[in-house]
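Working notes for the structure below.
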Amino acid sequence: MSVLALSAAAAGLAGCVTRGNEGPALRARDARESEALQLVRAADLLGLRDADAPKDTAAPGGGSTLPSAAVFGGLNYLSPPPGFTSAAAGALGFATLFFAGPTPEDASRYTRLLVWMPREEAGTAEEARRKLDELVQRELTAVLAEVALPSGYRLEKDQRPFTAHRPDGGLITTRYTTTQTIWRIRGGECDEPKVTCQYQVSMPLPPVEGTAPTLLGGYPAWTYVRTEGLTGISPSFIDRRPFQETRRAAFPDMEVLRKLSARLPAWTAIYVAPGTMAYLHDESGNPALLGYPVVLRGGTVSYFVRHQ
């Protein structure tokens with residue numbers, strides 16, 4: 001399921017809720033750096049890098065659809081960006097092309113909503129969180145009304161209180177209580193006791209003061225950064241039964257996320273971590289987990305591929 005669970009993992013430094021990384025706007029390290037990498041670096045996600053496209057192939061910019069797997073021989077039912085052969089991808093383990101180490105850092109291992117709300121839109125961090133949550137919940141509700149689940153499944157809305165804490169240094173924490181909206185998916189294996197199927201968007205911690213990347217204008221912003229607690233969009237189908245794959249491709253995750261990104265303001269983006277979200281494979285017609293990182297913004301897909 002596409003648990004759009006934007007559950008913020010709180011990790012903090014000393015100070016008040018408005019502390020952050022305000023300062024000069026983050027700029028591209030070189031003219032070839034991808035938009036995707038610039039955006040995740042602004043949120044301080046660790047371990048990501050751009051891959052080099054083959055010299056005879058232009059680096060992909062963005063598009064509303066995923067690349068065709070037919071070009072790459074259906075590598076593991078996934079679709080690498082244009083210009084990468086299945087042989088090269090198979091030799092390295094395709095996702096590792098985009099990470100500085102053998103596996104992604106913790107902050108880059110999970111799908112996340114990236115936010116740079118203009119500071120003038122909210123007077124306080126808590127007002128910014130409330131407005132952002134209302135916006136995301138409204139647009140997600142509209143998207144879920146458009147996207148059909150597989151036959152035999154249905155959505156049920158559930159709301160419940162949730163408490164999160166942000167460390168303020170030492171043993172002191174600040175407590176925040178919010179109401180979470182959870183779209184539970186019912187039917188089939190989702191009704192099994194150890195299976196979790198849901199679309200959940202939650203931002204239990206307020207954002208902090210920061211600066212939008214130069215790519216977006218470099219303005220003062222309310223944002224989420226790694227050191228102060230990030231949002232998160234969890235896998236949609238989580239299976240905790242013995243001898244089962246924990247993550248399963250079962251629902252139209254990428255369609256939901258792409259449409260959600262199209263409805264959200266230009267100061268938001270969605271980082272999709274590999275192996276977390278499902279899309280419909282264009283050759284087999286079956287759902288498959290996307291095997292490489294991408295960024296969704298304004299309904300388009302941006303790849304971690306260096307411009308030539």
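The values are calculated or read from the model by the stated rules, or taken from the named source; none is laboratory data. What you see is a predicted model; the values in this text were computed from it and never measured. Methodologically, a virtual Cβ is constructed for each residue, glycine included, from the backbone with ideal geometry; neighbour enumeration extends over all protein chains shown.
Taking segment 116-141 as the search range and keeping residues that are hydrophobic (A, V, I, L, M, F, W, C) and outside any loop (DSSP other than H, G, I, E, B), which one is surrounded by the most Cβ atoms within 10 Å (Cβ to Cβ)?
Restricting attention to segment 116-141, the residues satisfying the condition of being hydrophobic (A, V, I, L, M, F, W, C) are 116-117, 122, 125, 128, 132, 135-136, 140.
Now restrict to residues that are outside any loop (DSSP other than H, G, I, E, B): 116-117, 125, 128, 132, 135-136, 140.
Numbers: W116: 28, M117: 22, A125: 20, A128: 25, L132: 25, L135: 15, V136: 23, L140: 24.
Within segment 116-141, the match that is surrounded by the most Cβ atoms within 10 Å (Cβ to Cβ) is W116.
How many residues does segment 142-159 contain that are surrounded by 15 or more Cβ atoms within 10 Å (Cβ to Cβ), more than 30 Å from E209 (Cβ to Cβ) and aliphatic (A, V, I, L, M)?
Qualifying residue count for the region: 4.
Can you tell me which residue is surrounded by the most Cβ atoms within 10 Å (Cβ to Cβ) among those in segment 189-239 that are of a type in the set (V, I, T) and more than 30 Å from P252 (Cα to Cα)?
Filtering segment 189-239 for residues that are of a type in the set (V, I, T) and more than 30 Å from P252 (Cα to Cα), the one surrounded by the most Cβ atoms within 10 Å (Cβ to Cβ) comes out as V208.
Give the residues of segment 245-294 that are in contact (Cβ under 8 Å) with a residue 24 or more places away in the chain, in a loop (DSSP other than H, G, I, E, B) and β-branched (V, I, T), sorted by residue number.
The one that is in contact (Cβ under 8 Å) with a residue 24 or more places away in the chain, in a loop (DSSP other than H, G, I, E, B) and β-branched (V, I, T): T276.
Within segment 245-254, take every residue that is of a type in the set (D, E, K, R) and crowded, with 18+ Cβ neighbours inside 10 Å and give me the one that is modelled with the lowest pLDDT.
Within segment 245-254, the match that is modelled with the lowest pLDDT is R248.
So I270 fits all but one of (1) within 12 Å of the chain's Cα centre (by Cα); (2) surrounded by fewer than 23 Cβ atoms within 10 Å (Cβ to Cβ); what number is the exception?
(2)
Just the residues that are within 23 Å of L45 (Cα to Cα), of a type in the set (G, A, S), touching a strand residue (DSSP E or B) at 6+ places or on another chain (Cβ under 8 Å) and modelled with pLDDT under 85, please, taken from segment 276-308.
Answer for segment 276-308, where residues must be within 23 Å of L45 (Cα to Cα), of a type in the set (G, A, S), touching a strand residue (DSSP E or B) at 6+ places or on another chain (Cβ under 8 Å) and modelled with pLDDT under 85: there is none.
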